[in-house]
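First the structure, in the form of structure tokens, and then the observations on it.
The values are calculated or read from the model by the stated rules, or taken from the named source; none is laboratory data. Everything numeric in this text was worked out from a predicted model, so none of it was measured. We place every Cβ from the backbone using ideal geometry, glycine too, and count neighbours over all the protein chains shown. Accessible surface is based on the protein model in full, side chains and every heavy atom, while ligands, DNA and RNA are left aside. Shrake-Rupley method; radii C 1.70, N 1.55, O 1.52, S 1.80 Å.
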Amino acid sequence: MAPRGKNQPAREARNPLGTKSSSRGGIQKRRGPTKTDNDGDLDMDAPSKRLNRGSTNEPSGRGRPSGRGPSRGAAKVAQIVMKQLGSGNSSDLSARISRPTRSRGGFIEGLTWLRIHGLKQSKAASNPDGGLSDLLSFMERKASSLSTGRRRHTIRKSHRAGDYVFIGANKEDADEFLKINALTFAGTKLEVVESNEDFAPPKKATESPETAELRSKLQAILSQRYIGDNKLLKLDALASDAELVTLGMFETRERALKTFKGLMAICDGLFKTPQEKKDAIESISLANNSIDDVIQVESVASSFPQLKNLDMSGNQISNMEGLKRWKGKFKELETLYTTGNPIEGADANFQATLLEWFPKLRIINGIELRTAQQIAEQEAARQPKPIPQSGPDFRDVNGIGEQFLLDFFAAYDSNREALTSRLYDAGSQFSLAVDAVSVRDPNAPPPLPWAAYIKSSRNLQKITTLHARSQRLFKGANAIYNLWRDLPMTKHPNMKDELSKYIMDCHPLPGLADPTGQSQLGVDGLIIAVHGEFEEYDQKSGLTGKRSFSRTFVLAPGLSGSAQIRVVSDMLSLRAYSPLPNVFVAPSSAPADTANQHQAMIAELSKQTGMVPQYSEMCLSQVEWDFGKALVIFNEKKSQLPPEAFASAT
Amino acid sequence: MANVEEIAKQFVNGFFTGMSTNIAGLAAVYTPQSVLTFESQKFEGANAILEKLTSLPFKMSGHQLSTLDAQLADNDLLILVTGKLKVDEDENLINFVQNFKVSVSQGPGGEITGFLVKNDIFKLVY
């Protein structure tokens, strides 16, 4: 069903939301000659599934994806939507979906419907699908064996409604199925009668019949408005949709709002995962809906947070206030159409504001205002990197620090007991602190719970009593091992292979007290600060994930001949995972060279607008070097600019 | 040293107050032997360190301390601080981690008479 907005043809012509505009809105897979299955349903996939109909557990009669064919992607998406839309208990819906084909292609003779009672009382009712597929195959089998001819008798369609199962078959088959009446199926006598209710609506479904019917009607309308090839959901000109009007869905403003919410709720219910939804629907048109405040269609943002293209043209938005409820939503939105809204004449800055509100927005009304690259640069500029991270300050002594680190994390991961007995002694100290409020990537998954560490966390800001503080300071190899034994298992990246996941600094410590008292001047030690990450497996919670850490060691020469060094102090700080900057690659653009960046922007703006560099610079500096805004301003003021603003054509 | 933890806290509070209000005033806690690693750059001696800290091309303000831990190592305070840092007027806070090894001088009655920073390792961990 094609949307029926008055200005639809024009809109189709420059439909932003998909290049190929399918001739009709119905869910329909592209294929050569239009094919329908026997009863007129759209056949989503060509291969004849009817051949194995007898054993099918797909009673509703729709095909499965074949997994082959050139337009698999779109077909798959259409398939999902189709399947979902049809998953209600209503053949009514199937009929609706199939109607366009029927009315267009050859009319396929209607089915004879039979009503069957007894499934719910049978033993098969406890089977996974409530015994429906068993019942259907029983009936097909039975009918074939009862009939005189050798023909198979086939159930074309079926659905369950309350205590009844309705089946549709052609007249000849239906007559055979009627003979099953009063036969026993799974311990229950079946009642099979002809149903004179065309596509009998559910009688005792959990929803009220009215709700169910409305839902299925809305589903059908949605399905007609989905263009799988373009991943486009056309919700434009809803108020002039004949079917919605017939249903009275837009009689009052209140009703219209409710209708829209209902449509979105149905959309939400169609997809198992957000990813599925994202894959199926990239574009939505809300054009020509008389929307003056997006509060009326706010749920689009919550239902489709990852929408890429949105058509709002032909509505009644007159100021940014009318769009405010979407501010900060649609983080992936790239294209927006606003033509035909009063705001176009009312707010000269609205495009610039839109670019601010939607971080990925590039194209407004078909004009590219910024490139993806510019967006990436702007995002990069927002990253706080005022101090270049240019590598470690690792002042080792005889490679001791390096050797220690290479050894330490591998040993901590694999054998903590051996590690403590080797490098820690009675004077060693260990403590850890949990930093639960560190800055982290807001898009990253939530941090792992801190439960395994929090009771040993010695954050002196929070742990204030002497007793609690001393309890959380672990002295001596044994006490340290006893704690480590109960901490989650870890896997630190191999320092040799993945050096970039660490940053470490090392200072020599001259004159560290010599515990043997042999050296009056003390001995030389090291202080090492390491930052990095590890993977964790918490035996108790079963959770795995990454954390970031910082760890400080004070090392001193070993006391006995066997160990070269010992750990005097070991302080661990844990925080939510947030990858370190890779300090081992040459800093490419950092530190940001503002002057160069400005020059590049001037050159680019001149190139795109034809303005001379001075004017480009003026324009850019006016908008604080926001390229997108500069373009907007240029487009607005273009006509007022003096001729000298433009480079003379040579 | 009695109550290492409180002494560490006292030092840290004083240090970060100094960082945001009067960096030059921190000259008193560095000695000619002090070593600072600021990010990856190394500075030795109070003069070099102060020159670095007072000539930063940005203003570090509003250190928000998240964790503070301290141990007594070799009769010095070993301090590990993590927190968030506001740079200039940027609203994006940055994680930082700072290590100190601080020697504490005490008067005859055990009262704290001064802190001397031996090692100071400052690192941003975005």
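Observations, loosely collected:
- Reported count of residues in the stretch B:42-93, each being more than 22 Å from A:N459 (Cβ to Cβ), more than 9 Å from chain A (Cβ to nearest Cβ) and touching a Lys or Arg at 6+ places or on another chain (Cβ under 7 Å), is 2.
- Single residue of the stretch B:113-125 satisfying the filter (at the interface with chain A (Cβ under 8 Å from one of its Cβ atoms), among the aliphatic types (A, V, I, L, M) and part of a strand (DSSP E or B)) that is nearest to A:L580 (Cα to Cα): B:L124
- Every pair of residues 6+ apart whose Cβ atoms lie under 6 Å, when the first sits in the stretch A:169-189 and is within 20 Å of A:R156 (Cβ to Cβ) and in the same structural domain as A:L135 (by TED's automatic domain parsing) while the second is open to solvent by 30 Å² or more (accessible area, probe 1.4 Å) and not in a loop (DSSP other than H, G, I, E, B): A:K179/A:L146; A:I180/A:K142
- Exclusive hit being modelled with pLDDT of 90 or more and either open to solvent by 30 Å² or more (accessible area, probe 1.4 Å) or in contact with a Pro (Cβ under 8 Å, 6 or more places away or on another chain) (or both), set B:F100, B:F115: B:F115
- Meets criteria (more than 25 Å from A:F271 (Cβ to Cβ), buried (at least 16 other Cβ atoms within 10 Å of the Cβ) and among the charged types (D, E, K, R)) for A:D347: yes
- When each of A:T552, A:T594, A:T490 is tested for being at pLDDT 85 or above and either away from chain B (no Cβ under 14 Å) or within 30 Å of A:F627 (Cβ to Cβ) (or both), the lone residue that passes is A:T490.
- Test result for A:A418, touching a residue at least 60 places away in the same chain (Cβ under 8 Å), out of contact with any His (no Cβ under 7 Å at 6 or more places or on another chain) and assigned by TED's automatic domain parsing to the domain that holds A:M495: no
- Every residue from the stretch A:190-249 that is of a type in the set (S, T, Y), modelled with pLDDT under 80 and under 30 Å from A:L132 (Cβ atoms): A:S195, A:T206, A:S208, A:T211
- Flag for B:F11 being under 22 Å from A:I503 (Cβ atoms), within 13 Å of chain A (Cβ to nearest Cβ) and among the aromatic types (F, W, Y): no
- Residue that is surrounded by the most Cβ atoms within 10 Å (Cβ to Cβ), among those in the stretch B:14-41 that are without any contact (Cβ under 8 Å) to a residue 60 or more places away in the chain and within 10 Å of another protein chain (Cβ to nearest Cβ): B:S40
- Scope the stretch A:539-561; condition more than 47 Å from the chain's Cα centre (by Cα) and in a loop (DSSP other than H, G, I, E, B); matching residues: A:G558, A:L559, A:S560, A:G561
- Some residue of the stretch A:146-153 being in contact with a Leu (Cβ under 8 Å, 6 or more places away or on another chain), of a type outside the set (V, I, T) and surrounded by fewer than 21 Cβ atoms within 10 Å (Cβ to Cβ): no
- On the stretch given as the stretch A:219-247, residues that are closer than 17 Å to A:N288 by Cβ, open to solvent by 50 Å² or more (accessible area, probe 1.4 Å) and not hydroxyl-bearing (S, T, Y) total 2.
- If you go through the stretch B:97-112 and keep only what is more than 7 Å from chain A (Cβ to nearest Cβ) and closer than 19 Å to B:S34 by Cβ, you end up with B:Q98, B:F100, B:V102, B:S103, B:V104, B:S105, B:I112.
- Residues (open to solvent by less than 20 Å² (accessible area, probe 1.4 Å) and either part of a helix (DSSP H, G or I) or not assigned by TED's automatic domain parsing to the domain that holds A:K637 (or both)) located in the stretch A:610-623: A:S616, A:C619, A:L620
- Conditions (1) under 43 Å from the mean Cα position of the chain (by Cα); (2) at pLDDT below 85; (3) crowded, with 17+ Cβ neighbours inside 10 Å; (4) assigned to a helix (DSSP H, G or I); number of the one not met by A:L136: (2)
- Which numbered condition A:A477 fails, given (1) under 43 Å from the mean Cα position of the chain (by Cα); (2) more than 13 Å from chain B (Cβ to nearest Cβ): (1)
- Residues in the stretch A:143-172 that are assigned to a helix (DSSP H, G or I) and touching a Lys or Arg at 6+ places or on another chain (Cβ under 8 Å): A:A143, A:S144, A:L146.
- Residue list for the stretch A:331-344, filter: open to solvent by 30 Å² or more (accessible area, probe 1.4 Å) and under 23 Å from the mean Cα position of the chain (by Cα): A:K331, A:E332, A:E334
- From A:G401, A:G427, residue being open to solvent by less than 40 Å² (accessible area, probe 1.4 Å), of a type in the set (G, A, S) and within 14 Å of another protein chain (Cβ to nearest Cβ): A:G401
- If you go through the stretch B:1-36 and keep only what is touching a His at 6+ places or on another chain (Cβ under 8 Å) and over 20 Å from B:T67 (Cβ atoms), you end up with just B:V35.
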